[in-house]
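Enquirer: Sharing a structure with you now.
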Amino acid sequence: EQGAVEWSGGTKKKFTCPGLGLFYTILSAFLFSVASLFLKKIEDVHSVEISAFRCVFQMAFVLPGLIYYKTGFLGPKGKRVFLFFRGFLGSGAMILLYYAFQVMPLADATVITFSSPVFTSLLAWIFLKEKYSLWDLLFTLFTITGVVLIARPPFLFGSSITGIEGNYTNHLKGTIAAVVSAVSTASTFVILRKMGKSVSYFLSIWYYAVIGLIECIVALFVIDEWTLPYCGTDRLLLILIGLLGLGGQIFITKALQIEKAGPVAIMKTMDVVFAFILQILFLNHLPTWWTVGGALCVVASSSGTAIRKWQHNSKKAKENEI
């Protein structure tokens, strides 16, 4: 969801305030970053349970929209399979991302999720037969380099690793969760692109929330981690995470309605900047140079992918006009 920039083919409408779309993007990035900071502050609630609360918030938000626009709850017959997978992969990406936030430094997890545009290009090439250039391959390799710098596997970096939270096993688990989350996010973009604009935005989020809630409940029974957050602070933080996540999603959607996808994708890199700032200010955790290097690799790749996609779409639009 956080990268929903990629494929929402930014058609530009007339609007009065220039730069409003980019302001919405920064606001969305800030809300998502604060939500992930609160996630780290919650002491005794498992990330899967936090995801379940988030899904309940999404459902409460979407329900009035579904009723008002009379979209129904299942969607068009031919699109239900796509909607199911969009919900399954999208919510799976959120659950994995929340887990990564809990077990590894905030900035590290945020940077890895930024690799999703690069995976989107790769998956679109495989499944939608879209063009995959040498530049795309270069960005993919660059992204993998960035992720390796953040994961810092012992066979490359030796056994004494600094700048991680807790033990290396958790750091590695978090890295794997964040990478799988980025790939799942990329898959949802490809599915949304395949569905086109024939399915309501509300219906798309409805599937995401309902299937996500089911996934969370099943997972909580399997890992036996269901606990009612007993202290007032944790309960407040859970509500705030739900509200901030929702706000972030609304603003990124609004940004894409009034601004082209390319500039929004580039402005979205503010997510990483906010993650670094919040980590230093509130978690007293200075990022290592490895993380900074990895961040530069991943952000450069995802921005490069977005710019190329934007140029390609602009060129196509001009050709169509002619």
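Enquirer: Which residue pairs have Cβ atoms closer than 8 Å, lie 6 or more positions apart in sequence or on different chains, and pair a first residue in the stretch 183-207 that is modelled with pLDDT under 80 with a second residue that is of a type in the set (D, E, K, R) and open to solvent by 40 Å² or more (accessible area, probe 1.4 Å)?
Expert: Met195/Lys79; Ser198/Lys79; Val199/Lys79
Enquirer: A follow-up question, please. Output the number of the condition that Tyr99 fails; it satisfies all remaining conditions of (1) open to solvent by 20 Å² or more (accessible area, probe 1.4 Å); (2) modelled with pLDDT of 85 or more; (3) under 25 Å from Ala306 (Cα atoms); (4) in contact with a His (Cβ under 9 Å, 6 or more places away or on another chain).
Expert: Exception for Tyr99: condition (3).
Enquirer: With in contact (Cβ under 8 Å) with a residue 40 or more places away in the chain, in contact with a Ser or Thr (Cβ under 7 Å, 6 or more places away or on another chain), open to solvent by 20 Å² or more (accessible area, probe 1.4 Å) and over 26 Å from Ser133 (Cα atoms) as the only criterion, which of Phe282, Phe251, Phe276 stands out?
Expert: None of the others qualify; the one that does is Phe251.
Enquirer: Go through the stretch 160-182 and count every residue that is at pLDDT 85 or above and among the charged types (D, E, K, R). First the steps, then the outcome.
Expert: Within the stretch 160-182, the first condition is being at pLDDT 85 or above, and the residues that meet it are 169-182.
Imposing the further condition that a residue be among the charged types (D, E, K, R) reduces the set to 173.
Qualifying residue count for the region: 1.
Enquirer: Same structure, new question: Mind telling me which of the residues Ile239, Ile191 ends up being surrounded by fewer than 16 Cβ atoms within 10 Å (Cβ to Cβ) and within 30 Å of Phe23 (Cβ to Cβ)?
Expert: That would be Ile239, the only listed residue that is surrounded by fewer than 16 Cβ atoms within 10 Å (Cβ to Cβ) and within 30 Å of Phe23 (Cβ to Cβ).
Enquirer: Return yes or no: is Lys79 of a type in the set (D, E, K, R) and farther than 30 Å from Leu172 by Cβ?
Expert: yes
Enquirer: Within the stretch 199-218, track down each residue that is among the hydrophobic types (A, V, I, L, M, F, W, C) and within 13 Å of Phe88 (Cβ to Cβ).
Expert: Ala209, Val210, Ile211, Leu213, Ile214, Cys216, Val218
Enquirer: Still on this structure: Can you tell me which of Ala107, Ala52 is of a type in the set (A, V, I, L, M), assigned to a helix (DSSP H, G or I) and either out of contact with any Leu (no Cβ under 8 Å at 6 or more places or on another chain) or open to solvent by 40 Å² or more (accessible area, probe 1.4 Å) (or both)?
Expert: One residue alone meets the criteria, Ala107.
Enquirer: One residue is enough: does the stretch 213-224 have a residue meeting the conditions modelled with pLDDT of 85 or more and of a type in the set (Asp, Glu)?
Expert: Yes, the stretch 213-224 has at least one match.
Enquirer: Turning to a different aspect of this structure: When the stretch 167-198 is examined, which residues are found to be of a type in the set (A, V, I, L, M, F, W, C) and farther than 16 Å from Gly90 by Cα?
Expert: Of everything in the stretch 167-198, those that are of a type in the set (A, V, I, L, M, F, W, C) and farther than 16 Å from Gly90 by Cα turn out to be Leu172, Ile176.
Enquirer: Would you tally the residues in the stretch 72-88 being of a type in the set (Phe, Trp, Tyr) and surrounded by fewer than 13 Cβ atoms within 10 Å (Cβ to Cβ)?
Expert: 1
Enquirer: Right, here's the next one. Specify which of the listed residues (Leu137, Leu156, Leu128, Leu141) is at negative phi, of a type in the set (A, V, I, L, M), at pLDDT below 85 and open to solvent by 50 Å² or more (accessible area, probe 1.4 Å).
Expert: Being at negative phi, of a type in the set (A, V, I, L, M), at pLDDT below 85 and open to solvent by 50 Å² or more (accessible area, probe 1.4 Å) holds for just one of Leu137, Leu156, Leu128, Leu141, which is Leu156.
Enquirer: Run Phe139 past the list (1) touching a residue at least 12 places away in the same chain (Cβ under 8 Å); (2) among the aromatic types (Phe, Trp, Tyr); (3) out of contact with any Gly (no Cβ under 6 Å at 6 or more places or on another chain) and report the number of the one that doesn't hold.
Expert: Only one criterion in (1) touching a residue at least 12 places away in the same chain (Cβ under 8 Å); (2) among the aromatic types (Phe, Trp, Tyr); (3) out of contact with any Gly (no Cβ under 6 Å at 6 or more places or on another chain) is unmet by Phe139, namely (3).
The values are calculated or read from the model by the stated rules, or taken from the named source; none is laboratory data. Keep in mind that this is a model prediction, so the values were computed, not measured. Neighbour counts are summed over all protein chains in view; Cβ atoms, including those assigned to glycine, are modelled from backbone coordinates with ideal geometry. Ligands, DNA and RNA are excluded from the accessible area calculation, which covers all protein heavy atoms including side chains. Shrake-Rupley method; radii C 1.70, N 1.55, O 1.52, S 1.80 Å.
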